[in-house]
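What follows is a set of notes on a single structure, which appears directly below.
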Amino acid sequence: MTVSEDAVAFDRHLDATAPAVADIARALRRAVLDLFPGAIEWFDPGNGLLALGSKRAMRDIYVAIIPHTSWVNLQLADGVDLPNPDGHIEGTGKRIRHVKVRSVEDAASPWLRAVIASQLAFRSA
């Protein structure tokens, strides 16, 4: 996996978070890139997030990885339009929703891979 400068900066940012949260965020990045290997990564140090999309423009961001105190949010740009049969997608925003990822195991889980694939498919349609 090629590591972008933004991914390196995000990784350095993670070094200042709780080790378990850093591990979750790194596993989540790997999960996204497994399904979206050509993603452009964009680190926003002001918000402490790593955005992934087709280009470095807000309208082209598909997902963002946002560490919190004890979990990591996977922000879904089109979350309002995605299927949510298991109720993992949360939020009340006009378009954006998120999934709280609380463990490395969750980051690698089939249900989360399905959520990521759904977001990617929505943008590909």
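The values are calculated or read from the model by the stated rules, or taken from the named source; none is laboratory data. Quick caveat: nothing in here was measured; it's all calculated off a predicted structure. Cβ sites come from the backbone with ideal geometry, for glycine too, and all protein chains shown count toward neighbours. Side chains included, ligands, DNA and RNA excluded: accessible areas come from the protein's heavy atoms. Shrake-Rupley method; radii C 1.70, N 1.55, O 1.52, S 1.80 Å.
Note on the chain: helix-only mean residue ellipticity at 222 nm, from DSSP H runs of 4+ residues weighted -39500 (n - 2.57) and normalised by residue number, equals -11500 deg cm²/dmol. Of VAL63, VAL80, the order by accessible heavy-atom surface (1.4 Å probe, DNA, RNA and ligands excluded), from most exposed downward, is VAL80, VAL63.
From the alpha carbon centroid of the stretch 1-35 to that of the stretch 97-125 is 16 Å.
For the stretch 13-41, the residues whose backbone nitrogen is under 13 Å from a point 7 Å from the Cα of SER124, taken along Cα to Cβ, are 34-39.
Computed over protein heavy atoms with a 1.4 Å probe, the accessible surface of the chain works out to 53 Å² per residue. Sequentially through the stretch 107-124, phi angles give Karplus couplings (6.51, -1.76, 1.60; θ = phi - 60°) of 4, 9, 6, x, 5, 6, 4, 5, 5, 4, 4, 5, 4, 5, 5, 4, 6, 7 Hz, Gly and Pro residues having no value and appearing as x.
Here the dipole of the chain is about 280 debye; that uses its Cα centre as origin and unit charges on the Cβ of Lys and Arg (positive) and Asp and Glu (negative).
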